[in-house]
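Enquirer: The structure is given below, and queries will be raised subsequently.
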Amino acid sequence: MADVALAAPAAPRRHGLATQIRRHPTVFIGGGVIALMVLIALAAPLFAGNPLAMNPMHRLTPPSAQHWFGTDNLGRDVFARTVYGARVSLLIGILVAAGAIGGGLAIGLLAGFSRRVDRVVMRLMDGLMAIPAILLAIALVALWHGGVAVVILAILIPELPRDVRLVRSVVLGVREQPFVEAAVAGGARTGKILRRHILPSTIAPLTVQATYVCASAILVEAGLSFLGAGIPPNIPTWGNMIAGSQLYLAIAPWTIFCPGIALAVLVLAVNLLGDGLRDWLDPRLGRRP
Amino acid sequence: MGVYIAGRLASTFVVMAIVGLIVFLLLHLAPGSPAAIIAGDNATPAQITAINHQLGLDRPLPVQFLVWAGQVLRGNFGTSIFSGEPVMRLILQRLPATLSLSLVTIAFAGTIAVIGGVLAAWRAGGVLDRILMGVAALGFSVPVFVVGYLLIYLFAITLHWLPVQGYMPLRRGFWPWFSHLILPALSLGLAYLALIARITRASVLEVLAEDYMRTARAKGATPASQLFHHALRNAGVPIATVIGIGVALLISGVVLTETVFNIPGVGRLTVDAITNRDYPIIQGIMVIFAGAYVVVNLLVDLSYSLIDPRIRR
């Protein structure tokens with residue numbers, strides 16, 4: 001005990017991986033599950049079989065050695081379809097998160113630095129926030145007629161307001177800090193101030209926000225596909241699979257629960273990663289409302 | 001206080017005006033002319049010209065917006081492409097089912113979330129806390145329709161305790177009405193419950209560290225009085241805020257839940273409108289749901305002064 005008390009303050013030491021895993025288990029559990037799913041989705045053609053091949057002789061057969069997740073009402077292999085469905089969910093999650101964070105960053109930085117832009121943009125965001133996400137997405141899809149790009153845009157637009165608000169609040173907070181004042185006094189141009197002094201402060205909160213946007217986008221895509229307003233029904237997605245199997249719940253529950261569980265596990269993993277990152281990157285960021 | 005209410009009402013009006021503008025522009029900025037969209041996929045050019053004239057689509061955009069907004073304020077959302085009936089009448093027909101589902105969900109999820117959140121904060125790190133926060137993590141992650149089918153499979157198909165799908169109006173008796181709403185409300189409420197429980201736990205946890213909580217303990221207040229009288233009251237404002245914000249989550253969930261449980265409500269009307277590309281209906285529902293969201297949040301803001309009298313000054 002005495003040795004420890006007398007020892008000079010230890011130099012800051014980088015913690016090993018084992019320590020980090022023990023301190024932030026959710027980051028590694030969530031990240032691990034996501035990595036595994038990405039791997040499975042990428043390697044799908046190597047092992048999953050054909051997700052579109054129909055076999056009327058083997059309709060609605062329960063899970064077996066030949067069909068791990070059973071078959072659906074057209075005799076298609078539910079395992080292959082679930083694996084290929086992961087590709088769509090992951091793609092949509094990543095694209096929407098990237099787009100919404102990029103868009104939120106651009107608009108939020110602008111709004112945080114220009115009073116005039118701020119007034120117009122924030123009113124518009126208030127209006128967008130008041131329209132429930134799925135309804136706005138449905139309207140966009142109905143008006144612009146299906147297609148994967150339209151679906152991505154329709155999921156992205158309702159996500160924007162929260163990201164814009166987040167960036168704007170960071171900018172407004174940082175703008176009053178002495179180091180920004182010093183940069184202004186030193187004659188730095190607005191562009192440089194934004195890039196060098198304000199942008200870095202947004203990285204931690206936006207990384208966390210990106211995971212939440214990703215989780216939400218995956219859920220909304222599944223919801224839209226389930227309602228028939230999402231990815232065209234010929235493409236195997238988890239939402240499409242569940243929508244197509246609605247009538248067979250009583251006799252072939254695996255056709256609904258296999259994609260359903262995959263969906264829940266992926267979203268849970270992304271949310272866990274987000275919660276863990278939030279605690280890791282900034283303990284003061286507070287609990288998500 | 002009067003000034004505060006007036007200001008809050010004015011900002012509500014502004015938000016609704018912007019919602020109207022967004023809904024209006026969505027139609028007018030979409031590819032293809034609004035008349036072609038309103039006329040539906042199988043319209044002839046003559047029909048489109050007629051609609052153009054009838055709806056005044058040849059007039060300048062700002063004029064069109066004002067005319068449309070004036071009609072909306074009087075409750076006229078146009079007529080459905082598919083059935084030809086006024087959109088407002090179609091929505092009103094479906095409203096009782098949706099209101100029943102929403103109110104039962106808010107009552108059940110709100111009660112469990114607030115009581116659970118308070119108890120979880122009281123014994124933070126304990127068994128109840130872990131269970132509730134686990135349920136909350138699931139509630140954010142498992143989609144409404146997956147929970148819905150799971151509940152149907154367990155409680156309706158396997159155990160035969162509750163009806164599989166459908167809706168019974170309240171005038172057919174309380175139990176038939178209520179029994180058809182139990183499973184839908186459970187599936188719809190899970191995410192809402194998760195949201196409120198998390199914020200309740202966090203706010204109460206913060207309040208429990210205050211000096212006046214130690215005073216309450218010292219003067220011998222019972223645990224129930226400490227938690228629900230002292231702690232919950234002081235943690236009330238963020239909880240009320242999230243109950244209001246969560247309504248957006250609830251509305252998106254209603255559309256999915258009504259589809260899973262085959263409930264003839266406004267959400268189901270929306271889904272049928274997608275299939276028929278019945279844009280006037282989608283437009284009307286967007287305005288009404290956004291209106292509901294904005295009004296609920298206005299009421300929540302006004303309730304702050306009831307929860308915390310300091311806000312009245």
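The values are calculated or read from the model by the stated rules, or taken from the named source; none is laboratory data. A quick note: this is a predicted structure, and the numbers were derived from the prediction, not measured. Cβ atoms come from the backbone with ideal geometry, glycine included; neighbour counts cover every protein chain shown. Side chains included, ligands, DNA and RNA excluded: accessible areas come from the protein's heavy atoms. Shrake-Rupley method; radii C 1.70, N 1.55, O 1.52, S 1.80 Å.
Enquirer: Which residues of the stretch A:214-241 show a drop of at least 40 Å² in accessible area when all protein chains are present, compared with their chain alone (probe radius 1.4 Å, heavy atoms only, ligands and nucleic acids excluded)?
Expert: Relative to the lone chain, where solvent access is computed with a 1.4 Å probe, the stretch A:214-241 loses at least 40 Å² at A:219, A:226, A:227.
Enquirer: Shifting gears a bit: Over the whole of B:281-290, what's the average partner chain Cβ count within 10 Å per residue? Rounded to a whole number, please. Present the calculation step by step, with values, prior to reporting the outcome.
Expert: Values: counts 1, 8, 3, 0, 4, 7, 2, 1, 6, 8.
For this peptide, the per-residue mean of nearby foreign Cβ atoms is 4.
Enquirer: Can you tell me the orientation of helix A:25-42 relative to chain A, as the angle in degrees between its alpha-carbon axis and the longest Cα principal axis, to the nearest 10?
Expert: Value to nearest ten degrees: 50.
Enquirer: Probe radius 1.4 Å, ligands and nucleic acids left out: which of B:49, A:211 has the largest accessible area, and how do the rest follow?
Expert: On the way: B:49 90, A:211 15 Å².
Heavy-atom accessible area, descending, gives B:49, A:211.
Enquirer: Quantify, in whole percent, the carbon and sulfur part of the accessible surface of the protein assembly as shown (1.4 Å probe; protein heavy atoms only). The partial results should precede the final answer.
Expert: On the way: 19510 of 28860 Å².
Summing carbon and sulfur atoms, their accessible area is 68 percent of the total for the protein assembly as shown.
Enquirer: When only Cα pairs under 8 Å and 6 or more residues apart are kept, what is the percent relative contact order across chain A?
Expert: Numbers: 384 pairs, mean separation 73.3, N = 289.
Computed over chain A, the figure is 25 percent.
Enquirer: So, one more: Efficiency by 1/(1 + (r/R0)^6): what FRET value for residue B:262 and residue B:135, r their Cβ-Cβ distance, R0 = 30 Å, to the nearest 0.05?
Expert: Working: r = 26 Å, r/R0 = 0.88.
Taking R0 as 30 Å, the efficiency between residue B:262 and residue B:135 is 0.70.
Enquirer: Between residue A:145 and residue B:219, how high is the FRET efficiency from 1/(1 + (r/R0)^6) when r is the Cβ-Cβ distance and R₀ = 45 Å? Nearest 0.05. The partial results should precede the final answer.
Expert: Details: r = 67 Å, r/R0 = 1.50.
Once rounded, the FRET efficiency stands at 0.10.
Enquirer: Near the amide H of residue A:71, under 5 Å away, which other amide H atoms are found, from residues 5 or more places off or on another chain, if H is placed in the peptide plane?
Expert: Correct list: A:60, A:61, A:78.
Enquirer: Order B:211, A:72, most accessible first, counting only protein heavy atoms with a 1.4 angstrom probe. Kindly include the intermediate steps, with their values, before the conclusion.
Expert: On the way: B:211 100, A:72 10 Å².
Highest to lowest solvent-accessible surface, that is B:211, A:72.
Enquirer: Just need the relative contact order of the stretch B:98-312 here, percent rounded to a whole number, with Cα pairs under 8 Å and 6+ apart. Write down the numbers at each step before the final one.
Expert: On the way: 242 pairs, mean separation 55.3, N = 215.
Worked out over the stretch B:98-312, it gives 26 percent.
Enquirer: Checking the a/c ratio against 1.5 first, then a/b against b/c, what shape does the Cα gyration tensor give for chain A? Write down the numbers at each step before the final one.
Expert: Values: a/c = 3.16, a/b = 1.50, b/c = 2.11.
Note, shape of chain A comes out oblate.
Enquirer: Show me the ranking of peptides A:184-193, B:240-249 by mean Cβ neighbours inside 10 Å, starting with the highest. Before the final figure, lay out each step's value.
Expert: Working: A:184-193: 11.3, B:240-249: 21.2.
Ranked by mean Cβ neighbours within 10 Å, highest first: B:240-249, A:184-193.
Enquirer: How far is helix B:2-29 tilted off the main Cα axis of chain B, in degrees rounded to 10, range 0 to 90?
Expert: So the helix axis and the longest Cα principal axis differ by about 40 degrees.
Enquirer: Oh, and also: With r defined as the distance between the Cβ atoms of residue A:279 and residue B:228 and R0 fixed at 41 Å, what FRET efficiency is calculated, to the nearest 0.05? Before the final figure, lay out each step's value.
Expert: On the way: r = 29 Å, r/R0 = 0.71.
Between residue A:279 and residue B:228 the formula returns 0.90.
Enquirer: Would you mind computing, in nm to one decimal, how far apart the modelled labels at residue B:112 and residue A:182 are, each placed 7 Å from Cα along Cα→Cβ?
Expert: About 5.4 nm, to one decimal.
Enquirer: Which parts of the stretch B:269-313 would a label at residue B:93 reach, counting a residue when its backbone N lies under 20 Å from a point 7 Å out along Cα-to-Cβ?
Expert: B:269-289
Enquirer: Can you give the accessible area per residue of chain A, in Å², using a 1.4 Å probe? Please list the in-between numbers first.
Expert: On the way: 14080 Å² over 289 residues.
On a per-residue basis, chain A sits at 49 Å².
Enquirer: Right, here's the next one. Under a crude label model (7 Å from the Cα following the beta-carbon direction), how far is residue A:190 from residue A:120 in nanometres?
Expert: Result: 1.3 nm between the two label points.
Enquirer: Other chains' Cβ within 10 Å of B:134-146 residues: what's the mean? It would help to have the intermediate numbers written out before the result.
Expert: Numbers: counts 0, 0, 0, 5, 4, 0, 10, 13, 8, 13, 3, 11, 13.
For this peptide, the per-residue mean of nearby foreign Cβ atoms is 6.
Enquirer: Please check: in the Gaussian network model of chain A (C-alpha springs, under 10 Å), which one of A:99, A:274, A:75 has the largest mean-square fluctuation.
Expert: In this elastic network of chain A, the residue with the biggest mean-square fluctuation among A:99, A:274, A:75 is A:75.
Enquirer: Ok, one more. Please give the per residue accessible area of the stretch B:98-312, computed with a probe of 1.4 Å over protein heavy atoms only, in Å².
Expert: Values: 8880 Å² over 215 residues.
Here the residues of the stretch B:98-312 average 41 Å² of exposed surface.
Enquirer: Mind telling me which of B:124, B:194, B:43 comes out most flexible in a GNM of chain B, alpha-carbon contacts under 10 Å?
Expert: B:43
Enquirer: Measuring from a point 7 Å past the Cα of residue B:123 along Cα-to-C-beta, which residues in the stretch B:218-241 have an amide N at less than 18 Å?
Expert: Residues B:222-228 qualify, since their backbone N sits under 18 Å from the label point.
Enquirer: Right, next: Is the C-alpha gyration tensor of the stretch B:2-73 telling us rounded, prolate or oblate? Criteria: a/c under 1.5 is rounded; beyond that, a/b larger than b/c is prolate, otherwise oblate.
Expert: Values: a/c = 3.73, a/b = 2.84, b/c = 1.32.
Prolate is the answer for the stretch B:2-73, as a/c is 1.5 or above and a/b outweighs b/c.
Enquirer: Please compute how much accessible surface disappears when A pairs with B, both sides summed, using a 1.4 Å probe, and round it to the nearest 100 Å². Write out the running numbers ahead of the final one.
Expert: On the way: alone 16110 and 16770 Å², together 28860 Å².
Approximately 4000 Å², summed over both chains.
Enquirer: When a/c is below 1.5 the answer is rounded, else prolate if a/b is larger than b/c, else oblate, so apply that to chain B with a ≥ b ≥ c taken from the square roots of the Cα gyration tensor eigenvalues.
Expert: Details: a/c = 2.88, a/b = 1.59, b/c = 1.81.
Verdict is oblate for chain B.
Enquirer: Using heavy-atom solvent-accessible surface (probe 1.4 Å) with all chains present, what is the largest-first order of B:279, B:293? Before the final figure, lay out each step's value.
Expert: Numbers: B:279 5, B:293 30 Å².
Result of the area sort, largest leading: B:293, B:279.
Enquirer: For chain B, with a Gaussian network of springs between Cα atoms less than 10 Å apart, report the residue from B:159, B:208, B:138 with the top mean-square fluctuation.
Expert: In the Gaussian network model the winner is B:159.
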